[in-house]
Each structure stands twice: as structure tokens, then as C-alpha cells.
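A short reminder: the numbers here are calculations on the coordinates, not readings from a lab. This structure is a prediction, so every number in the text was calculated from the model and none was measured. When we count neighbours, we look across all protein chains shown, and the Cβ atoms used for this are built from the backbone with ideal geometry, even at glycine.
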Amino acid sequence: MKVSHVLVLAAGLVLGFFVGKATRDTVPSSAAVAQRPGPTPPTRQRPPPDATVYRLPVEDSPVRGPADALVTLMEFSDYQCPFCRQAHATVTQVEKKYAGKVRVVMKQFPLVSLHPQAMAAAKAAIAAGIQGRYWEMHDRLFGSSQFDPDTLERYAKEIGLDVDRWKRDQADPKVAATIQRDMDLATNVNVSGTPAFFVNGRRLPGGAAPLDAFSSLIDEELSKAEALVRQGVPAAQVYAKIQEKSVASAVPPPVVKKVDAPADSASFGPAMAKVTIVQWSDFQCPYCARSAPLVEQLRQAYPKDVRFVFRHLPLPMHPDAPTAAKAGIAAQAQGKFWQMHDWMYAHQRELDRASLEKAAASIGMDLAKFRAVIDSPATDARIKADMQAAQGVGVSATPTFFVNGRERVGGWPTFDALKAEIDKEIARADKLLSSGVKPADLYGRLVADSAGPSGARN
């Protein structure tokens, strides 16, 4: 018995060692997830800051820090963005480390397609600023993840605002215009995500960067600013002096391509609309789902001026996307494409065949016809044609949109941003129509004019 106990104990220890080792070797750490097995890779180096100085006016944006600070740290931010909240702690460290030498300028960039409460938070902060309490609201917003109306009102009371006035100011079109101005500026310097920082006009790589990355660029710019002061530039005029040699835009020339809008594609709007938007999308893609609400807003806002065309691009990493694309075509055959479109984007975890058939029935489709179209080789051919067309114009990600031929990958942060682009296209179309261009030729002319004298780039 003693021998058997010893053998059992020994076997258990050996087995425990190997099982434990296997567990430690196979369960990845957060660092290992992003690395391949093998030799330890070299430490990844952060890219150096771009030397370009961008034109970034302070205007009437909230500023914290002295007017004669030698370094202006401008932040484009979103109060509901978790990375912005993380960066807020770093900015606080920067303010302490460089007290008197750095001023922080806040620009609003609420990404409402990702963060539905971000716009309300931005308006709450700007409206608080009208009463001189922007930074108090700013710090509370970044100290919380709750942005419902009751919570925002509680913050307003806590910082001593006239709450009735604060509510009126949030609804003032001037507040919305201020936020849109900031968002337009962000777009102009190629900011598409948050947070984004600029140090005396230079872009800080990496978004929510660590303190040492901030310090490195700030120290470099501080040295240059001190040199300007020695040359006789007043400290309060240093930023203006640096901005004299700034670049107005970082946005590259638009990629323009004449993309087809097949007659059998799902679409809405008149065939000879002033604006043609072609989208390649994937029903299992989360980013496509975030853009989906903009489509319905578009239909309601521009019933006569916009033609919207949907094309399929089910991506390999989404196993249910091909079946969902077939379901979309099957729904289109019964005049129910947009109802099915909305349902699938709202139920991306239920895109298996059985769930799709159940949804089709709930929408009022004939299930026998629905199944027949899903199983038809012609449906496979439709999807294949869309995928080949995407490849032909260089589309490899979803969602990708073409607005009168101008490529837009990923969509727009807000409907207002999309609306601004459409309104510009309508103005271009009106000008061409008034010059004698026929409606049937309008789309081709708009694309050709966008691409320049050489024509559309393919």
C-alpha cells in the first residue's frame, strides 16, 4: 500500500508538471497573442513624428494653460471613446510636467457611428463652456462612462451651471456648428479616429501614446519655441509664428473611379440622380453595421437627389456572410431587401440559415421562394460578379463607398459629415446641369471632373 501510494503521488507530480507546463505554454498572454512563436522579436519602435506643421487655428476652442505657453497641445477627442479616456490621464501628467509651458486646446470629434452618446457629451461640454465651466464638465465626462441625460444634468448641477440655460444652449445651432467646424478641421488634417494630438501643429503618432512619446515631441518643439523667443518673437505669438509656415491640409487627393451600378443591384433613388453612391458591404461586418443607420437617414433626407446602390462583398473572415448575402438577394426578389438589410445588421449573431428563414417569414416573405433563390446558382453568380467588380476597382475592405466616384473607406463619423459631402456633390451637379449637361450623362461627367483632366483613375 505504501509503495502504491508513493507511485501514485509520483505519477501525480509528474503529470501535474507536464499538464502545468503545457497550460503555461499554450495559454497566450496578451503580448503573445500578437506575436508568432519563435525567437523573441525586437522591440517595436514607435514611428517618429512627421515634421509637417499643419494649419490648426485655436479659434474660440476651450484652452487650458497660459496664453504665452510656448507649446500648444491640440487634442481631437470623443468623450465616449475609451482610448480618449486613457489619454486624458496622460494629458493630465503632461500638464503637470510642463506647467506654464504647455496649453491644451480641445477640439470635438464625436464618432457617433461608434459612440452614440458622444455627440450629447460634446454638446454638454460646449454648453458648459458658454458659462465658463468647460473644463469642469470635461474632467467629469472623462471620469465617467455614463452620458445619459440625467447623468449629464447631474454633472451640470455639480459644477454650478444654470441648468435651464445650459439645456437651451445645447439645442442652440451655434453649438452644433462649433462641433461640426472642429470635425471638418479634423477631416482636413486626415484625422479619422480618436484621440489625435498635435504639438505646435505636428502630429503625435499613435493616438493614446505614453507620456515619454508626448515628452519627446514636446521637448523638441519647446526647444524650437525658445529659440524663436530668443530671436525676439513674443512668447504669446510663438504659435502664430509657427503657423505661418503650416500646411492647410493633409488629405490626399481623392481616389476617383467610375464604378458600375448594375440594374439588378438593390438600390433606391432615381436612376438619374444628382448623386450616385455605390457601397460594397458585408452583412457580418461590424463596421458595416455601424454605417447602416446612415443609409436610412440618407433615404429620408434625399428622396429625389441621391441614388444608393448596394453591392455584396462577403469577406473570408465572416463565415455567415455568404449566406447572408444570398438572403439579401432572396429578399430583394420579393421586394423586401431593405427590411432584410436592416434586420441582418441588427442581428449579426443570427445569420445562420435557420435564423434567416425565420426572419424572412417574420418580414412577410414566401419561404419557398426565399429558399429557392438562396439555393439558385444564379444567386451565387450575382455575388461573384459583385466581388469581381470590387476587385476590379481595388476594393478589399468593407464598408467601402463611392460618392459620384469618390472613394470613401469605412464610412462617415456622423450623418452631418455625409450630408456635407452630398450637398457639395449636389452643388456640382446643379452647375453641370445648368451648363447643359444632360441628366443621363451627369454621373459620367461628375466622375470625370472629380478625377481631373486625365479622367477617372482605375
| Out of all the residues in the range 207-243, which are without any contact (Cβ under 8 Å) to a residue 12 or more places away in the chain and under 22 Å from residue 182 (Cβ atoms)? | 240
| request: Scan the range 374-421 for residues that are of a type in the set (A, V, I, L, M), surrounded by 19 or more Cβ atoms within 10 Å (Cβ to Cβ) and more than 29 Å from residue 302 (Cα to Cα) and jot them down. | output: 374
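Given the options 105, 112, name the one that is of a type in the set (Val, Ile, Thr), outside any loop (DSSP other than H, G, I, E, B) and under 24 Å from residue 192 (Cα atoms). So that I can check it myself, show each step before the final result.
Working: 112 fails: outside any loop (DSSP other than H, G, I, E, B).
None of the other options fit; the residue is 105.
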| Just wondering, is there one or more residues in the range 373-393 that are over 14 Å from residue 330 (Cβ atoms) and in a loop (DSSP other than H, G, I, E, B)? | yes
| So which residues in the range 296-318 are free of Cβ contacts under 8 Å to residues at least 40 places away in the same chain and either surrounded by 17 or more Cβ atoms within 10 Å (Cβ to Cβ) or within 17 Å of residue 399 (Cα to Cα) (or both), if there are any at all? | 316, 317, 318
| Which of (1) closer than 30 Å to residue 415 by Cβ; (2) surrounded by 17 or more Cβ atoms within 10 Å (Cβ to Cβ); (3) in contact with a Phe, Trp or Tyr (Cβ under 9 Å, 6 or more places away or on another chain) does residue 58 not meet, given it meets every other one? | (2)
| query | Restricting the range 206-239 to residues that are on the phi < 0 side of the Ramachandran plot and not in a helix (DSSP H, G or I), which is surrounded by the fewest Cβ atoms within 10 Å (Cβ to Cβ)? | reply | 231
| Restricting the search to the range 89-114, which residues are surrounded by fewer than 21 Cβ atoms within 10 Å (Cβ to Cβ) and out of contact with any strand residue (DSSP E or B) (no Cβ under 8 Å at 6 or more places or on another chain)? | 89, 90, 92, 93, 96, 97, 99, 100, 114
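Applying the selection to the range 63-102, what residues are among the polar types (S, T, N, Q), more than 17 Å from residue 129 (Cα to Cα) and in a strand (DSSP E or B)? Spell out the reasoning first.
If we filter the range 63-102 for residues that are among the polar types (S, T, N, Q), which is where we start, we get 72, 77, 80, 86, 90, 92-93.
After this cut, where a residue has to be more than 17 Å from residue 129 (Cα to Cα) as well, the list is 72, 80, 86, 90, 92-93.
Correct list: 72 only.
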| task | Keeping to the range 159-169, report how many residues are buried (at least 20 other Cβ atoms within 10 Å of the Cβ) and either of a type in the set (D, E, K, R) or under 16 Å from residue 110 (Cα atoms) (or both). | result | 1
